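Read-outs: derived from the displayed coordinates by stated rules, not from any lab. Because the structure is predicted, anything quoted here is derived from the model rather than measured. All Cβ positions, even for glycine, are placed from backbone atoms using ideal geometry, and neighbour counts span all protein chains on display.
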Amino acid sequence: MSTDDHIRKQRVADDLEEPVTEAANLAKKLGLTPYPVNYWIVDYDEMNELIAYGGFQQRYPHWRWGMQYDRQQKQGQFLGGKAFEIVNNDKPAHAFLQESNELADQKAVITHVEAHADFFANNNWFALFNDEPDASAMLARHAETIEEYMQDPDIDRSEVEKWIDHVLCLEDNIDQHQPYSPVSSDDRPGETDLEEVADQLEDLELTEEVRRQVFTEEWLDAQADDDEPITFPEEPEKDILAFLRQHGMQYDDDGEKAVEMEDWQSDILEILRREAYYFAPQKMTKVMNEGWAAYWESMMMGEEKFARDDEFVLYADHQARVLGSPGLNPYKLGKELWEYIENSENRREVVERLLRVEDVTWRNFHDVVDFEYVQELIQPDELLADVPGNLDALDADDHRIDAEALRQARNGEIDVDAYPWKVLRYEGVAERHYSLVKPQYRGFVSRIAQEELERISRYMFDDARYDSIEEALADVEHTRGWDRMREIRESHNDVTFLDEFLSQEFVDEHNYFTYEYTHSSDDYRATSTDADDVKKKLMLQFTNFGKPTITVEDGNYRNRNELLLTHQYNGVMLDLGQTREALKQVFELWGRPVNLLTIDKEFDEHDVEVARRRDREPEPEEVGKRIRYDGDQITIKEVDWSEVEHLAADDIDYDTKPEDWLA
C-alpha cells in the first residue's frame, strides 16, 4: 500500500473513531452484548475481494473466489450494487468499511455490525459450532496447507483443484444440528467377497464390453444373494462428508478401480468439512441475523438519531433500497418478524395487566376497554422523550436514570444533545422507545384476537388484581418486548424462528402469500394467503440451507460396496440434471458406483390437457426412482414403492430441533 493510500485510510479511520466508540456504547445501553469489533478501512477492490472470500483476508486457492470477485465487481459496475459492509464471526469480530462510502453509510454499517456481533456472541447455534477461538487463523492455516499441496512437485495442481471441486459439491451435506467432530479413515469395513471378485476381473484384463455382457448386474445381484449382506451405517447418516472421509476412496482412471485416498486428499476433505461446519450457523440464521441487525441499526440510526439531520435522508434512502430489494429478502422478513415479536410481547404484557382489572374478562375485553385511553396511559414519560430539555428535572435516584452520566451531563462533560441516551439506563431507553406507542402500531393492542385473549387468560393467576385501568397500566414493564427478543435470539435458527412466530396475523398484516406454477395456465399464480401455506413455502427455502436433504443409507448396497444415498422427499422433486452431475462428483469421492433413491412426480399428458380445459390442477403420480452412476453412464430406473415409502414425509418435514431448543 502506498503512503498516500495509507494516509487516506488513516484519515477515514480518524473520522470514524467517535462513531465506532459511541455505537458500541449505545449497543450496550440497548441491552446488546456484542463481541468486541475491530474495524478496518479498505478500498473498493479490497472490499470486493473480502466479499468473495466470505469476509476473510486469506482463503485456500481456488477458482470459485475469482468467480465471486468478478461477479461482485460486475454487480457494482453494471447493476448499481453497492458494498456497505462485511463482518465475520470471530472473537473479536472483524468488520471492513469501504473508504469511499459517505459518513451516513459508515455509521449505518457500524450500528449494523454491532448488532451482528451481538448475534454471533449470543446465539446458541454459533456457540454449537464456534469451537475455534480464532477463525481467521484457522482459515489462514487451511489456505497455507492447501497451497503447499498445490506447490508439491509430486502432486498435480490441477488434481488438487478437481478434488476441491468434488468436495465443494457436497459442502452443505453435513449434519448442521450437531457440533463439528473430526473423523479419520480408521475402522474401514473389511473387503467383501464381491470386492475380491471385482479385483480378479480386473486382473483378467477383459474389455468393458465383455464384462458388461458376461458379468451383468443380475449376475452380481445373484452372487450378493449368496452372502450375508454387510450393511452400514446402522442409521441414515446426514454428514455425507464425514462418511466419505471415513469410508470413501478415489477412482483410479488408469487401473479403472477404487484405490485408497492419498493423504492430501483425505486432509483436504476434512479441511473443507471443517469450514462447512464453521459457516453453517450463518446459513442457518440468515433471516434472524440480518433482521436483528436491520432492527437495531434502524433503532440506533433513526430513533436514537445516530444519523445527524444532514445524514438521515441519505441513510433512509439506502436502507429503503436494502429492505425493498426484490425476491426473498432476509433483511425485510427478519426485521418485520422481530418487530412483530416485540409488539406481540408488549401487547401481551398490556393485556395481562388489563385482564386483572375488576370486571374485565377475555369475553368482554373489546367491549369494555377504551383503547384510545389505553394508548394515552402507556405513553413514555415525557421526561425521557426529551432528555436535553428536561435535564434539570431528571431524578438521579430514578431506576431509569444513570446517576453518574446525569452528573456528567449537567457539568457539560457529555454532549446530551447528540447522545441523550447516555443519561439513561436500559429501562429508560426501553421506555423511551416503547413500540406500542409508535404511530404505525397504535392499533396493535385493539387488534388482538378473541382466541389469543382466551389463551392468555387461561394461564393467568389472580395474584395481582387492580381496581382501575390506570393502576394496572402503571405497572407495565417497558423492557418486556426487548427481553423476549433477546431470549429468542439465543435459542432459535431460521427454521424454528419461522415455525414459531410466523402467524396468520403477521401474514395478513404484511401481505404475504404463496405462488405456484399451475399446469392449467402454464404460468405462476398466487395460490394462498394462509399462514400455514406461507410458512411451509418459506421453511422449505431454509431447511438444510434450502438444499435437498440427502443421507447415506448404505455403504455396501446390495453387498457390492456401492453407495446408496436417499433423498428425504418433502413434496419437492430433485432437479434430475443437477442430480446427475452431483452423482458424478460423489463417485470421485467414493471410487465405486453411486446410487440415489428419490421420489419423482409424473403427470399424465391426457390428465394435464383435461385439467387445463377445466381450469384445475392435474393430480401427479408419485413414483420411486433409483439413479445410478457407475463411472461411465447414468441409469434411471423406476423402483417399487416399498423401496422409497420411508422417504416420503407425511407432512413437510423441516428437521427442527427438539422443543427444549425453543425459548
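Side notes on the structure shown:
- In order along segment 114-120, phi translates into HN-Hα couplings of 4, 5, 4, 5, 5, 5, 4 Hz, rounded to whole numbers, per the Karplus curve 6.51 cos²θ - 1.76 cosθ + 1.60 with θ = phi - 60° and x for Gly and Pro.
- Antiparallel bridge percentage (DSSP; both residues within the chain; nearest 5): 75 percent
- Segment 1-70-segment 517-568 distance, computed between alpha-carbon centres (Å): 37 Å
- Space enclosed by the convex hull of the alpha-carbon atoms of segment 330-490, per residue, Å³: 151 Å³
- Amide H partners (placed H, <5 Å) of residue 41, local residues excluded: 97
- Relative contact order [Cα under 8 Å, 6+ residues apart], segment 330-490, whole percent: 41 percent
- Note: the chain, Cα convex hull, 213 Å³ per residue.
- Computed over segment 519-588, the quotient of the alpha carbon radius of gyration and 2.2 N^0.38 Å is 1.51.
- Ranked list, fewest to most other Cβ atoms within 10 Å of each Cβ, for 527, 33: 33, 527
- Under-5 Å amide H pairs with residue 565, H placed in peptide plane, nonlocal only: 553, 595, 596, 597
- As a length-normalised measure over Cα pairs under 8 Å and 6 or more apart, the relative contact order of segment 506-663 settles at 20 percent.
- Scalar couplings 3J(HN,Hα) for segment 610-622, obtained by applying the Karplus form with A = 6.51, B = -1.76, C = 1.60 to θ = phi - 60°, are 4, 4, 5, 5, 9, 6, 9, 8, x, 8, x, 9, 8 Hz; x denotes Gly and Pro.
- Estimated [θ] at 222 nm from DSSP helical runs (n ≥ 4, -39500 (n - 2.57)) normalised by residues in the chain, nearest 500: -15000 deg cm²/dmol
- Here residue 511 and residue 267 are evaluated by their C-beta separation; at R0 = 41 Å the FRET efficiency comes out at 0.20.
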